[in-house]
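Bear in mind these aren't lab numbers, they're just calculated from the coordinates by the rules spelled out. Model, not experiment: these values are computed from the prediction. For neighbour counting, all protein chains shown are included, and Cβ atoms are generated from backbone atoms with ideal geometry for every residue, glycine included.
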Ligand SMILES: [Cu+2]
């Protein structure tokens, strides 16, 4: 009996671990200041922690794909210079296989993330040594970085950080949003814009690739979404 209970407990513990193998955007570092999602003045959009991805490739038109479930706009947009960096602090528990993408849309506080026109401004792929960015940054306790293009025109932006989990069937998309005020800058990003939902069909090679087929960036050179804007 004790043995059986122990086994059941072990199974429940394993199941709990599996369920918790999901994570959300918890902190952000903007212009040298760090904010937590629980801060009153956080620029991180609030969301409902539904213990799952924002969307999957079978659920690709889910509006939650923009900024996670039931996202609510932040009320603070801290300043950062165009050409500067932003660090996304994802919680531990993201899956190991997949890239990080960063998108940016001109979007005032209170804007609708589903109608925002996003440029892609960053991609972090598997590296030449075969290491994906989750183990490289998140599991190592480091922020996932993006450098804001110096061409960005000044204004309020919605930054969207996205992690794709190629290891699940269907593949999962994790997303979080942050509002920032870009200062300085240039005459505007050049490139294609997309909306979320709308950016992906779910059938892109970059969303359907099997992780065991990816040993390095040459095996995964078709990340979903538009080219990185200049
Ligand atoms: Cu998962």
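Numbers for the structure displayed
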| item | result |
| --- | --- |
| Value at 222 nm in deg cm²/dmol, rounded to 500, when DSSP H runs of n ≥ 4 in the chain each add -39,500 (n - 2.57) | -3000 deg cm²/dmol |
| Residues 203, 172, 162 arranged by fewest to most Cβ contacts within 10 Å | 203, 172, 162 |
| Stokes-Einstein D for segment 90-162, Kirkwood Rh over Cα pairs, 10 °C, 1.306 mPa s (µm²/s) | 117 µm²/s |
| Efficiency of FRET from Cβ geometry, residue 58 and residue 96, R₀ 25 Å, rounded to 0.05 | 0.75 |
| Efficiency of FRET between residue 109 and residue 208 - r from beta-carbon atoms, R0 25 angstrom, step 0.05 | 0.10 |
| Beta bridges per DSSP with both ends in the chain, % antiparallel, nearest 5 | 95 percent |
| Value of relative contact order over the chain, rounded to a whole percent, pairs C-alpha under 8 Å and six or more apart | 24 percent |
| 0 to 90° range, to nearest 10: angle between helix 2-19 axis and the chain longest Cα axis | 20 degrees |
| Longest to shortest principal axis, alpha-carbon extents of segment 24-121, angstrom | 37, 30, 27 |
| Residue 33/residue 128 FRET efficiency (R0 45 Å; Cβ-Cβ; nearest 0.05) | 0.85 |
| Inter-part distance where segment 158-197 and segment 33-84 are each reduced to a Cα centre, Å | 10 Å |
| P(r) tail fraction, the chain - alpha-carbon pairs more than 31 Å apart, % | 20 percent |
